[in-house]
Amino acid sequence: MAVRELMENSLDAAELQGILPDVYVRIISSDGAAANMEPTAYRLSVADNGPGVDPHHVPRAFGKVFYGSKYVLRQSRGMFGLGGTMAILYGQITTNKPVKVATSTDGKTKHIFDMLIEISENKPVILKKETEGAAGKTGTRVDVMLEGDYIRAAQKIGDYFKQTALVASYANLTLLDPEGRITAYERATESMPSVPQETLPHPHGMDVEAFKRLIKITDEKTMEKLMGNKHFHRVGETTAKKFLAFAGINPNARPGKLTNEQIVKIVDALQHYPDFLPPDASILSPVGEQILQAGMVKELQPEFSTVVERPPGSYSGFPFLVEVGVAYGGRVLEPGRKLLRFANRIPLLYDESSDVSFKVMNEQIDWRRYHVPDEAPLALITHICSTKVPYKTVGKEYIADRPEIESEIRNALRDALRRLSLYLSKKGSMEAVQRKINIYGKYLPMIAKFATELAERKKPPNYKRLVKESEETPGEEEAGVGDEQKKEGQGKLNGQAKVEEYS
Ligand SMILES: Nc1ncnc2c1ncn2[C@@H]1O[C@H](COP(=O)(O)OP(=O)(O)OP(=O)(O)O)[C@@H](O)[C@H]1O
Ligand SMILES: [Mg+2]
């Protein structure tokens with residue numbers, strides 16, 4: 001979890017500034033042993049080439065839990081301002097060592113902090129602060145000493161890297177592990193997803209805490225102004241008036257004077273008023289077909305892969321969008337269906353069987369329809385991006401089965417499987433053609449020989465030309481499948497020169 005949280009912060013920070021991320025992770029055991037059977041202290045370092053953190057913010061960003069939380073929403077890996085700080089706190093609790101944060105925003109000066117978190121007051125304590133030259137490089141490096149069980153964690157860390165490399169195919173990721181092995185995942189594309197935009201909360205997504213926070217920060221003196229004045233996504237003055245009438249709240253009521261009961265009543269009305277405009281999803285940032293294809297080709301080397309991106313939808317006022325990738329065959333994938341789940345580009349590695357994608361894959365897809373046997377080497381990739389991913393628990397582990405999301409995953413998966421099924425049937429036809437050609441090749445010379453003798457001719461017909469022709473002009477049925485694959489347009493064939501030539 002510590003590796004994941006620190007890496008997420010690095011990736012978020014670089015991507016937000018449109019920087020192609022380079023993230024370097026090093027884990028070494030404090031006693032120098034390659035791998036300890038017992039949990040022991042490790043030094044974890046995560047360094048990035050991101051924009052760096054303003055030195056004034058460093059103490060709070062890394063030494064105060066919940067520092068990240070803001071009123072506005074944006075699709076990002078980080079959610080609460082808890083993740084990185086928790087990893088640091090965990091390190092402090094288990095090893096009693098300070099965290100070291102080195103960061104530069106200008107590439108000239110590097111600010112280095114040694115810090116502890118004063119737990120009882122949730123505030124940072126700076127033990128040492130120094131500066132040195134940054135050698136032209138911006139970015140952040142966090143060093144934390146923490147107790148861990150590397151033998152047990154190694155596989156999850158490996159999975160996390162592999163899967164991150166798959167969706168963030170534009171990042172360079174390097175892991176140096178306690179055994180001294182370096183695993184490098186190199187970027188396969190220079191394109192990055194669009195930078196997610198900030199958005200105001202949609203009224204349907206309001207809760208009592210968020211509303212109280214709003215009352216605290218607003219300068220507005222009346223409820224009418226508060227509602228209609230740029231605190232809510234797509235709510236203007238007219239809608240604000242209508243809403244307050246619906247909620248039974250005096251437009252001139254002072255936000256600061258609302259009772260708890262009134263607040264609960266307003267929030268309930270906000271969640272249920274039917275005439276708010278739906279959230280605008282253009283602020284979301286899906287991985288995109290090209291980047292996901294590049295990732296699948298790089299990490300899975302499949303024989304066939306395809307990506308389906310669904311149009312955006314919304315649940316409870318939060319816009320969301322589903323992307324699905326299907327990779328089939330090749331040398332890397334093992335027999336059987338493998339589900340790889342992602343949310344806001346984070347691989348979800350735990351509790352697969354509780355996740356909505358697992359439910360769709362196992363309960364809502366009629367696999368026989370797509371002629372994909374259970375043992376087919378297949379990877380299904382599901383990605384859900386949203387300004388708020390509906391995780392079922394506080395950890396970012398698995399996604400709740402919200403009906404709106406469930407149906408988008410189902411549709412995307414069906415679309416992708418239809419393409420796979422077309423590819424497979426085309427490949428099957430190709431093999432049938434090949435078999436036919438082989439038979440012609442075997443018997444035609446003999447038929448030609450005997451026919452020449454029977455016709456009492458000297459020169460046999462040119463049967464070689466016939467074999468060649470049947471290779472070039474396949475039967476009608478196969479050509480039809482090829483057309484359809486073209487029409488669907490998105491199917492991509494890898495390492496199948498023959499099939500491509502044919503289509
Ligand atoms: N490597 C980094 N580069 C730049 N800024 C960073 C970096 N790491 C952390 N930050 C800043 O510190 C803040 C706190 O990070 P933290 O991980 O605690 O919370 P978060 O990422 O906002 O949410 P989550 O709890 O989901 O991780 C971030 O929001 C970010 O502004
Ligand atoms: Mg974080």
Dipole check, the chain, charges on Cβ (K,R +1; D,E -1), about Cα centroid: among 160, 39, 288 the Cα furthest to the positive pole belongs to 288
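Could you calculate the FRET efficiency of residue 338 with residue 229 from 1/(1 + (r/R0)^6), where r is the beta carbon distance between them and R0 is 51 Å, rounded to 0.05? Please report the intermediate quantities before stating the final value.
Numbers: r = 50 Å, r/R0 = 0.97.
Between residue 338 and residue 229 the formula returns 0.55.
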In cubic angstrom per residue, the convex hull of the chain built on its Cα atoms measures 199
A student asked for the Cα radius of gyration and Dmax of segment 78-236 in angstrom ought to give 21.3, 63
Number of Lys pairs in segment 2-185 closer than 14 Å at Cα, excluding neighbours under 8 places apart unless interchain, is 9
FRET efficiency (residue 407, residue 221; Cβ distance; R0 56 Å; to 0.05) is 0.80
Contour minus Cα-Cα span, residue 446 to residue 245, at 0.36 nm per residue, comes to 63.2 nm
Of 434-446, 258-270, 89-101, 453-465, ordering from highest average Cβ density within 10 Å down gives 89-101, 258-270, 434-446, 453-465
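Magnitude of the Cβ-charge dipole of segment 203-272, K/R +1 and D/E -1, about the Cα centre, nearest 20 debye?
Approximately 180 debye in magnitude.
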D (µm²/s, integer) via Stokes-Einstein for segment 2-185, Kirkwood Rh across alpha-carbon pairs, 25 °C, 0.890 mPa s: value 147
Where a ≥ b ≥ c are root eigenvalues of the Cα gyration tensor, a/c under 1.5 meaning rounded, otherwise prolate if a/b exceeds b/c and oblate otherwise, segment 87-178 counts as oblate
For the chain, longest principal axis from Cα atoms; helix 463-472 axis from its Cα atoms; angle between them, nearest 10 degrees, is 20
Here the Cα Rg-to-2.2 N^0.38 Å ratio for segment 235-383 is 1.52
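Counting other beta carbons within 10 Å of each residue's own, what order do 202, 56, 231, 371 fall into, fewest first? Before the final figure, lay out the partial values.
On the way: 202 25, 56 9, 231 22, 371 14.
Fewest to most other Cβ atoms nearby, the residues stand as 56, 371, 231, 202.
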Check: in segment 283-420 the Lys pairs 8 or more apart or on separate chains whose Cα atoms fall under 21 Å apart number 7
For the chain, the charge dipole (Cβ of Lys, Arg +1; Cβ of Asp, Glu -1; about the Cα centre) points to a positive end, and the Cα of 17, 172, 90 closest to that extreme belongs to 17
Computed over the chain: longest principal axis from alpha-carbon atoms vs helix 150-167 long axis, angle to nearest 10 degrees, is 70
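Averaged across orientations, what area in nm² does the convex hull of the alpha carbons in segment 26-129 project? Don't jump to the answer; show the numbers that get you there.
On the way: hull surface 33.5 nm².
Mean projected area for segment 26-129: 8.4 nm², to one decimal.
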If R0 = 35 Å, then residue 432 and residue 289, at their Cβ-Cβ distance, give a FRET efficiency to the nearest 0.05 of 0.65
Expected vector for segment 365-377, Karplus 3J(HN,Hα) from phi with 6.51, -1.76, 1.60 and θ = phi - 60°, integer Hz, x for Gly and Pro, equals 10, 8, 4, 5, 4, 9, 6, 10, x, 4, 8, 4, x
Nearest 10, in degrees from 0 to 90: the angle of helix 403-454 to the longest Cα principal axis of the chain is 20
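Viscosity 1.567 mPa s, temperature 4 °C: give me the Stokes-Einstein translational D for segment 203-272 in µm²/s, with Rh taken as the Kirkwood radius over C-alpha pairs.
110
Would you list 316, 357 from fewest to most Cβ contacts within 10 Å? Can you show the working numbers first?
Values: 316 16, 357 29.
Fewest-to-most ranking of 316, 357: 316, 357.
Any read-out appearing in this document is the output of simple, stated calculations on the displayed coordinates, not a laboratory observation. Here the structure is a predicted model, which is why all the values come from computation and not from measurement. Here Cβ is always computed from backbone atoms with ideal geometry, including for glycine, and neighbour counts include all displayed protein chains.
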